[in-house]
Amino acid sequence: MGIFVDSPHGAPNHVLINEYMPGQGIMPHEDGSAYYPLVATVSLGAPIVLDLYTKRKSEGQEGQDEDGAEERRPQFRILQERRSLLVTTSGLYTDFLHGIAESTREKGLGPESVCNWDLLREKDRYENGWFDRATRISLTYRDVIKVAKVGNKFKFLNGR
Ligand SMILES: O=C(O)CCC(=O)C(=O)O
Ligand SMILES: [Fe+2]
């Protein structure tokens, strides 16, 4: 697809595999400056909703939120279907936090609340406004900007 052509290595050099059982999620966070600001996420197995929150002024580089970002209402909700690809870049990467709620059921789904509603392939599965979570696996492809040289790694190991 060539989406990484402008990234430092011209391709992803890192893939993270996460598994979410029903009830599991990930706290709102940002992925930070160690990566080129482009993430390609493949979802497998089951759909899940990704919540996007605007960053507060108090939220620094780390994206840690002392007063509980998970309590806030998300600015955008993206329904990630199984076998879908989500590309996150630019302002959405740098100015928003993303997270997945620790719930067993996704609720309140519809064209008003889900920003990619018109792009869904299995819309009939969500038309009633909810679905129960099932095990979902995600593959997140990124370009790590600074990759340690092997020589430096050996130096570090010898120094211990
Ligand atoms: O599984 C996902 O879709 C998101 C994972 C994530 O945000 C991360 O690993 O930084
Ligand atoms: Fe993330």
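When each of 26, 3, 17 is tested for being out of contact with any Asp or Glu (no Cβ under 6 Å at 6 or more places or on another chain) and away from ligand 1 (no atom under 15 Å from the Cβ), the lone residue that passes is 3.
Identify the residue in segment 89-118 that is more than 16 Å from ligand 1 (Cβ to nearest atom) and part of a loop (DSSP other than H, G, I, E, B) and, among all such residues, is nearest to residue 19 (Cα to Cα). Lay out the reasoning, then the answer.
From segment 89-118, those more than 16 Å from ligand 1 (Cβ to nearest atom) are 90-91, 104-105, 107-113, 117-118; that's our starting set.
Within this subset, residues satisfying the condition of being part of a loop (DSSP other than H, G, I, E, B) are 104, 107-113.
Values: 104: 14, 107: 21, 108: 23, 109: 22, 110: 25, 111: 27, 112: 28, 113: 25 Å.
The selected residue is 104.
From the set of residues in segment 31-55 that are under 19 Å from residue 104 (Cα atoms), of a type outside the set (A, V, I, L, M) and buried (at least 16 other Cβ atoms within 10 Å of the Cβ), which is nearest to ligand 2 (Cβ to nearest atom)? Among those residues, the one meeting the criterion is 51.
So for segment 76-88 (the condition being in a helix (DSSP H, G or I) and charged (D, E, K, R)), does at least one residue qualify?
Looking only at segment 76-88, we keep the residues that are in a helix (DSSP H, G or I), and these are none.
The answer is no, given that none of the residues of segment 76-88 is in a helix (DSSP H, G or I) and charged (D, E, K, R).
Using the structure shown, decide if residue 15 is in a strand (DSSP E or B), more than 21 Å from residue 115 (Cα to Cα) and at pLDDT 95 or above. First the steps, then the outcome.
Details: in a strand (DSSP E or B): yes; more than 21 Å from residue 115 (Cα to Cα): yes; at pLDDT 95 or above: yes.
It is true that residue 15 is in a strand (DSSP E or B), more than 21 Å from residue 115 (Cα to Cα) and at pLDDT 95 or above.
The values are calculated or read from the model by the stated rules, or taken from the named source; none is laboratory data. Everything numeric in this text was worked out from a predicted model, so none of it was measured. Cβ: placed from backbone, ideal geometry, glycine included. Neighbour counts: every protein chain shown.
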